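Worksheet for the structure shown next.
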Amino acid sequence: MDGPLGDFPGQFRSHLESQHYNQSTIAEYARYIDTLGQLMRERGVDLRDLDEDRAVGLITNLKPPLSRKKHPVYVVKRFLKFLNGLGAGKSLTLDDTARGRLKRDYEDYLRHQRGLSERTIFHCWRFADRFLKFHFGDDVGGDLSAIKLTDIVRFMQHLTWRGKPLRDKTPPTHLRNFFRYLFKSGQTATNLALGIPSIAQQYGARLPRHLTPEQVECLIRAVQTDTPTARRNYAMVLLLARLGLRAPEVIAMQIDDIDWRAGEIIVRGKGQRHDRVPLPQDVGEALADYIRRDRVTTSRALFVTERAPRRPFTDGNVLNAILKDAFARIGLMPPPPYVGSHILRHSLATTLVQRGASLEEIGDLLRHRSRRSTLIYAKLDIEGLRSIAPPWPGGVQ
């Protein structure tokens, strides 16, 4: 209480306890925070002058150094973020340069006018910032109106200089978003987004990669074990396999999205679309088992991490890792190249085609906004394609 940090270490401890951290972790955090307070007293650092750079500098320059130096730095950053949330410590200053203002305005446009997710907003600005640094260098106040289409072409060539064809569609997509914003906001005289080419994608050369129904069931059983983490993973994989959800849609689910009485669940899809879909019995039982026995969190997210502070997942990569482990456990080789959790979405659609479902039914189940997305599964309808195949020239040999 008498130190430079006052009673904030005690408040931070209570905050960690409310987040369900175990006592050994809390004790370790408290030791690092006490060390930071002692260093502040020795160096004459006041709480009002404490920012992240100074706090990290104090803890890393300690002699002899603390064990596992990266971990104390992480704890100190967590503590500084906690202080800033309470209005203590040195307030964070906004980047008031021309580049900083452009970033804030652009992200506000993507968030409120385009309705994009925070992850997409991050990558949109990442490519915009890479282009600006490539074109203007260290000049944060460059003239945006002087940008020409040839400058964008040079940047795209810079991205693809390694020799292999660029298969990632996101760089030109994110650049088009950026230059469309510059034109709409009056910072460029012409819409340069119209001249940015798309990346060629030859989807017609192959069939959708998929698993047989037997392989899907074998994969699901490989995930199902009697542990808290496995019960959560089993419910997540069932959502992928039975409803054909995308990994980000599983991660985005909230506890309030389940309507137990109606037997429905809300899917938070692309473009902030919310769709109600039926909840299969086995999926509902797996969700109920996980929620009753293992879900301990203050978050409204349906699926959370198994370790404190039991936060929602940041992306869908956890599902890719779960399926990768399941493939290895049963000794099954996934269709090359491995396409992550989307393999179960393709497998569901393929099974429906083979059982006679129409493309309209498949598009409704997978919630495709464009019929073009569903047409890739038409190649799997062998009987339907055979009915429209023209006779071989010259007759059957």
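Tabulated data
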quantity: Karplus 3J(HN,Hα) series, Hz, for region 340-352 with 6.51 cos²θ - 1.76 cosθ + 1.60 (x for Gly, Pro); calculated: x, 5, 5, 4, 6, 5, 4, 5, 5, 5, 5, 4, 5
quantity: Segment R372-D259, length gained on full extension (0.36 nm per residue, minus Cα span); calculated: 37.5 nm
quantity: For Q254, distant residues with modelled amide H under 5 Å away; calculated: L302
quantity: Among G340, G244, G356: highest mean-square fluctuation, GNM of the chain, C-alpha pairs under 10 Å; calculated: G356
quantity: ³J(HN,Hα), Karplus 6.51/-1.76/1.60, whole Hz, each residue of region 244-258, x for Gly, Pro; calculated: x, 6, 7, 4, x, 6, 5, 5, 7, 5, 10, 4, 7, 6, 8
quantity: Qualifying trypsin sites (Lys or Arg not before Pro) in region 306-349, DSSP loop, other Cβ atoms within 10 Å at most 14; calculated: R307
quantity: Cα-based Lys pair tally, region 98-198, threshold under 20 Å, eight or more apart or on separate chains; calculated: 4
quantity: Full-stretch length increase - D7, R126 - with 0.36 nm per residue and alpha-carbon distance subtracted; calculated: 38.9 nm
quantity: GNM flexibility winner over the chain from L243, L366, L192 (Cα, springs under 10 Å); calculated: L192
quantity: Gained length - W392 relative to Q157, 0.36 nm times residue gap less alpha-carbon distance; calculated: 80.0 nm
quantity: Surrounding net charge for N191, when Lys and Arg each add one and Asp and Glu each subtract one, Cβ distance under 10 Å; calculated: +3
quantity: In degrees, nearest ten, helix 70-85 long axis to first principal axis of the chain (Cα); calculated: 80
quantity: Gaussian network model of the chain, Cα within-10 Å springs - most flexible of N61, N191, N177; calculated: N61
quantity: Point-to-point label distance, S18-D49, nm (Cα→Cβ direction, 7 Å offset); calculated: 3.2
quantity: The chain, helix-only ellipticity at 222 nm - DSSP H runs n ≥ 4, -39,500 (n - 2.57), divided by all residues, nearest 500; calculated: -16500 deg cm²/dmol
quantity: Residues in region 236-260 reached by a label modelled at T170 [backbone nitrogen below 16 Å; 7 Å Cα→Cβ]; calculated: 247-249
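Any read-out appearing in this document is the output of simple, stated calculations on the displayed coordinates, not a laboratory observation. Not measured: the values here are computed from a predicted model. So basically every Cβ, Gly included, is an ideal-geometry build from the backbone, and we count neighbours across all protein chains shown.
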